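Structure record follows, encoded as C-alpha cells.
The values are calculated or read from the model by the stated rules, or taken from the named source; none is laboratory data. Everything numeric here is computed off the predicted structure, so don't read it as measured data. No Cβ is skipped: glycine too gets one built from the backbone with ideal geometry, and neighbour counts run over all protein chains shown.
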Ligand code: ATP
C-alpha cells in the first residue's frame, strides 16, 4: 500500500526547475532511497514533501491530499524529517534533547508547563525512541561526549519521538566513516521493522544499495532511474554515472559533484 505518492511535483527557483514533474511512490513499511549528485534536487524534494518550500503538482500522504497543507499540519499527520545539519543542544543530555523535541510536539505542553511546572511528563515516546535506536545506555551523556555516529542516531531518535509514520532523512550518513555508516544502516533497518517507513536521501552508495528496498535516482531535477538495488546496480545510465564498469559501489562511494 502506498503511504506517500507524488504526482508531477514541481519546484521552480527563479528560472531553475529544481524539481521537474517528479512521480515518486513510497510503500508503507519500506525503506526507499533517493540518490543523485550535488544539486540534483534531493533536499528540494524533501522540502517540498514536508512543506518547507512551495511546490505544484500533487502529494498524497496516508490517504490524504496534503499538497496545500502547511508544514506543521503535515508533521501532525505523521510526516517527519531530519535535517542535513544536525543541531543537538550541547548543554542538554541525550534524553533531554529528545524530551525537548517530544514536548514541542505535544499539544499545549508549553502552556501546561506554565500552569503546572511540576506536572508528570509522558516519557513513553522518548523511551521508545531510545530503545528503538539502542541509545538507552547513552541517555545521560552530553552530545559532546558522543561519536559522530551516535550523534546522528540521537538526531534520528529525536525525529522518532513524534512517532511518525514516515521519516524523510536528509543525508544522515554525511560525515560518518564506513563502519559508522554500516551501523547506521543496521539501525535504520531495525526502525523499519518496528513499523516506521523511511525515505532516505544519501550520497553513500554502499549504504543505500545495502539497506534500501527500492531506489530512485535523480539528476537535474528529474528521476532518471528507479528500481530495486539489484535493478539500479544493473542500470546502464547509473553504472556510467556512479558505479563504474563493474557496478561496484565501493569503486565510487560518493556521487560525483
Ligand atoms: P546536495 O546533495 O548538494 O545537498 P541536492 O540534490 O539536495 O544537493 P538541492 O539542494 O535540492 O540539491 O538543489 C537543487 C537545485 O536548486 C540546485 O541547483 C540549487 O542551487 C537550487 N536551490 C536549492 N535551494 C534553492 C533556493 N532556496 N533558492 C534558489 N535555488 C535553490
Residue check: is residue 231 surrounded by fewer than 17 Cβ atoms within 10 Å (Cβ to Cβ) and over 21 Å from residue 39 (Cβ atoms)?
yes
Among the strands (runs of 3 or more DSSP E) lying completely within region 1-81, list those that include at least 2 residues that are touching a residue at least 60 places away in the same chain (Cβ under 8 Å).
2-13, 16-27, 31-35
Of all residues in region 22-47, which are in contact with a strand residue (DSSP E or B) (Cβ under 8 Å, 6 or more places away or on another chain), within 15 Å of the ligand (Cβ to nearest atom) and closer than 14 Å to residue 222 by Cβ?
22, 24, 34, 35, 36, 37, 40, 41, 42, 44, 45
Can residue 91 be described as assigned to a strand (DSSP E or B) and either in the same structural domain as residue 223 (by TED's automatic domain parsing) or surrounded by fewer than 18 Cβ atoms within 10 Å (Cβ to Cβ) (or both)?
no
Looking at 48, 55, which is the one that is under 12 Å from residue 168 (Cβ atoms) and surrounded by 15 or more Cβ atoms within 10 Å (Cβ to Cβ)?
48
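Yes or no, residue by residue, for (1) within 13 Å of the ligand (Cβ to nearest atom); (2) closer than 22 Å to residue 40 by Cα:
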{"position": "176", "(1), (2)": "no, yes"}
{"position": "183", "(1), (2)": "no, no"}
{"position": "197", "(1), (2)": "no, no"}
{"position": "216", "(1), (2)": "yes, yes"}
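For every residue, the table says whether it meets (1) over 14 Å from residue 87 (Cα atoms); (2) assigned by TED's automatic domain parsing to the domain that holds residue 50; (3) buried (at least 18 other Cβ atoms within 10 Å of the Cβ).
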| position | (1), (2), (3) |
| --- | --- |
| 139 | yes, no, no |
| 142 | no, no, no |
| 148 | no, no, no |
| 157 | no, no, yes |
| 172 | no, yes, yes |
| 176 | yes, yes, yes |
| 181 | yes, yes, yes |
| 188 | yes, yes, yes |
| 194 | yes, yes, no |
Considering only region 1-21, how many residues are within 21 Å of residue 82 (Cα to Cα) and out of contact with any strand residue (DSSP E or B) (no Cβ under 9 Å at 6 or more places or on another chain)?
0
For residue 72, all conditions in the list (1) surrounded by 16 or more Cβ atoms within 10 Å (Cβ to Cβ); (2) more than 16 Å from the ligand (Cβ to nearest atom); (3) at pLDDT below 95 hold save one; what is the number of the exception?
(1)
